[in-house]
Amino acid sequence: MTRRKLVVGNWKMNGARVANVELLDALKQAGPFVAETAVCAPFPYLADVALSLQGAEIAWGAQDCSAHESGAYTGEVGAAMLAEFGCRYVIVGHSERRAYHAESDQLVADKAKTALAHRLTPIVCVGETLAERETGQTDAVVKRQLSAVIHTLAHCISQVVVAYEPVWAIGTGRTATPEQAQAVHALLRAQLKAASEKAGEMKILYGGSVKADNAVALFAQADIDGGLIGGASLKAGEFAAICRAAG
Ligand code: 13P
């Protein structure tokens, strides 16, 4: 089964209006790419990003959404609001949200469900901490995180993108080796296969210190279908090179 690769930039809490336009202009110039590409920007910039990317083959997404439809949830952003602007993807369960905002596996699953209800594609992040890896808990942790989403979405699970992001590799410059990443991706694929006959078509992205010089080896792995890119997605040349590595 050949799956088209997907490379998504997660800008995290970075950017500024003028700099964003420059970054996107440079990306558009560098493309089009064989791989699917997208950028996930902070909420206030999304309308600008949508405008900048009009007519370009680069999709855009948000970095979070509420599990609720609407109502008295101060500070939250609803999936319906994102959909109104033409949003395509929404990252849910990033390890930074799990760690700094105490997001539980079930909350992450509920967010994915709400996103899907509004035809957004959730990019569901899973990954173990360094302590969990060193104590041999990697498989159990990622399985537990994915299992909550599988149970909540049931047959709709095939509509999500999964991203494996080992916490110890995020922003540290210490990437998982292609073999380490592939081992976890294969495990996740097997878990998805047990839940959906469409698991072979699903994309499982790797994230954590992906750079232009390690992307080719990572993307060559059988179950790695692209990347979720943090720091390197803020530099047009570097991000474009990663997109090309996925082509
Ligand atoms: P870095 O690429 O900066 O390590 O971040 C990865 C990440 O968290 C993407 O969501």
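What accessible area per residue comes out for the range 162-235, rounded to a whole number of Å², with a 1.4 Å probe?
With the other protein chains kept in place, the range 162-235 gives 37 Å² per residue.
Can you tell me the Rg and Dmax of the chain, counting just the alpha carbons, in angstroms?
Over the chain's Cα set, Rg and Dmax evaluate to 16.7, 48 Å.
Over the chain, with every protein chain in place, what whole percent of the accessible area is carbon and sulfur at 1.4 Å, could you tell me? Kindly include the intermediate steps, with their values, before the conclusion.
Numbers: 5900 of 11010 Å².
Exposed carbon and sulfur together represent 54 percent of the surface.
What's the longest bit of the chain with no exposed GluC sites (Glu not before Pro), using DSSP loop states and at most 11 other Cβ atoms within 10 Å as the test? Numbers along the way, then the final one.
On the way: sites that count: E57, E197.
In short, 58-196.
Measuring from label point to label point, each 7 Å out along Cα→Cβ, what is the R119 to A154 span in nm?
Each label point is offset 7 Å from its Cα along the Cβ direction, giving 2.2 nm.
Taking the Cα centre of the chain as origin, sum charge times position over the Cβ atoms of Lys and Arg (+1) and Asp and Glu (-1), and report the length of that vector in debye to the nearest 20.
Computed charge dipole of the chain: roughly 320 debye.
Got the relative contact order for the chain handy, in percent, Cα pairs under 8 Å and 6 or more residues apart?
23 percent.
Between T177 and Q29, what FRET efficiency follows from the Cβ-Cβ distance if R0 is 41 Å, with the result rounded to 0.05?
Details: r = 33 Å, r/R0 = 0.80.
According to the calculation, E is roughly 0.80.
Can you tell me the accessible area per residue over the range 25-120, all protein chains present, probe 1.4 angstrom, in square angstrom? Don't jump to the answer; show the numbers that get you there.
On the way: 4700 Å² over 96 residues.
Normalised by residue count, the accessible surface of the range 25-120 is 49 Å².
Of the options A220, T37, A19, report the single residue whose Cα projects farthest towards the positive end of the charge dipole of the chain (beta-carbon charges: Lys, Arg +1; Asp, Glu -1).
A220
Magnitude of the Cβ-charge dipole of the range 1-68, K/R +1 and D/E -1, about the Cα centre, nearest 20 debye?
Dipole about the Cα centre, nearest 20: 220 debye.
Placing +1 at every Lys and Arg Cβ and -1 at every Asp and Glu Cβ, with all other atoms neutral, what dipole size does the range 1-115 have around its Cα centre, in debye to the nearest 20?
340
In the chain, which whole DSSP H runs stretch at least 15 Å along their own axis (Cα) and average -0.5 or higher on the Kyte-Doolittle scale?
17-30, 105-117, 138-153, 178-195
Pop the C-beta distance of E84 and E134 into the FRET formula with R0 = 51 Å and round what comes out to the nearest 0.05.
Efficiency, from the Cβ-Cβ distance: 0.70.
Over all directions, average the projected area of the Cα convex hull of the range 186-247 and note it in nm².
Values: hull surface 17.1 nm².
Result: 4.3 nm².
Where the centre of each part is set by its Cα atoms, how far does the range 32-77 sit from the range 197-217, in angstrom?
21
Could you tell me the extents of the range 60-148's C-alpha atoms along the three principal axes, largest first, rounded to whole Å?
Projected onto the principal axes, the Cα atoms of the range 60-148 cover 44, 24, 19 Å.
Using the beta-carbon distance between K198 and T2 and R0 = 22 Å, what value does 1/(1 + (r/R0)^6) give for FRET efficiency, to the nearest 0.05?
Plugging the Cβ-Cβ distance into 1/(1 + (r/R0)^6) gives 0.90.
The values are calculated or read from the model by the stated rules, or taken from the named source; none is laboratory data. Values in this document were obtained by computation on a predicted structure and should not be read as measured data. Glycine gets a Cβ as well: all are built from the backbone with ideal geometry, and neighbour counts include every protein chain shown. Side chains included, ligands, DNA and RNA excluded: accessible areas come from the protein's heavy atoms. Shrake-Rupley method; radii C 1.70, N 1.55, O 1.52, S 1.80 Å.
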